[in-house]
Amino acid sequence: MAEKKSGGSKKLLWIMVVLVLLSTIGAAAAIYMVLGQRDGQGVDGENTKPLVRETPVFTRIEPFTVNLNDDRYGSRLLYTGITLRVGNEESKAIIEEHMPQVRSRLLILLSGKQASELTSVEGKEQLAQAIISRLSVPLAENQPPLDLREVLFTEFIVQ
C-alpha cells in the first residue's frame, strides 16, 4: 500500500512541474510581446510606423461684409472672416496668388444666401461645403487641383 501512495504523489508532483513550466512559458511569451510592441514592433513582428505629426497649413482670407438675399425681415448683412486649411503649401500659394478671384467667388456665393440659412450650425456646415466646392473649380488654366481640407469661420455675424 505504501507503494500506491508513493506513485500517486509522483504523478501529482509531475503535474505540478508541468503546470509551473506552462505558466512560466506563457508569462515569458506575454512579456516578449509587450516588450516587442514597446520597441515599435506589432504582435505579428511587423514594424509599426510611429505617428508623424503633420503641421497644418492655413491661409487667411481677410474679413468682408456682404448683403444677403432679402428675407421677411428685409435686407440683412453678413460679416465674416474665413480661414482655409489646405493640404500643402502649393495649394496655399495658388489661393494667395488668386485672392481677388477667391474673394469674388465667396462674395457671389454668400450674397445668394438668406440669413435664416446661415444662423444654424447645419447651415454653417453646408456653407463650408459649398465654399469648398466653389473654390475647387480651377482658378487658372493648367492649375493643379487644390487640396482644400476645411473651411474655418473665424468671424461670423449676421445682422
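Figures for the structure shown
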item	result
Glu96, sole failed condition from (1) loosely packed, with under 13 Cβ neighbours inside 10 Å; (2) out of contact with any Ser or Thr (no Cβ under 8 Å at 6 or more places or on another chain); (3) free of Cβ contacts under 8 Å to residues at least 40 places away in the same chain	(2)
Hits in the range 50-66 - residues which are of a type in the set (S, T, N, Q) and exposed (fewer than 13 other Cβ atoms within 10 Å of the Cβ)	Thr55, Thr65
Subset of the range 114-127 (residues that are closer than 11 Å to Val158 by Cα and surrounded by 14 or more Cβ atoms within 10 Å (Cβ to Cβ))	Gln114, Ala115, Ser116, Glu117, Leu118
Residue ranges of helices (runs of 4 or more DSSP H) in the range 77-159 with at least 1 members more than 14 Å from Val57 (Cα to Cα), touching a Gly at 6+ places or on another chain (Cβ under 9 Å) and among the charged types (D, E, K, R)	115-118
Subset of the range 78-89 [surrounded by 13 or more Cβ atoms within 10 Å (Cβ to Cβ) and not polar (S, T, N, Q)]	Leu78, Tyr79, Gly81, Ile82, Leu84, Arg85, Val86, Gly87
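Any read-out appearing in this document is the output of simple, stated calculations on the displayed coordinates, not a laboratory observation. These numbers were taken from a predicted model, which means no experiment stands behind them. Methodologically, a virtual Cβ is constructed for each residue, glycine included, from the backbone with ideal geometry; neighbour enumeration extends over all protein chains shown.
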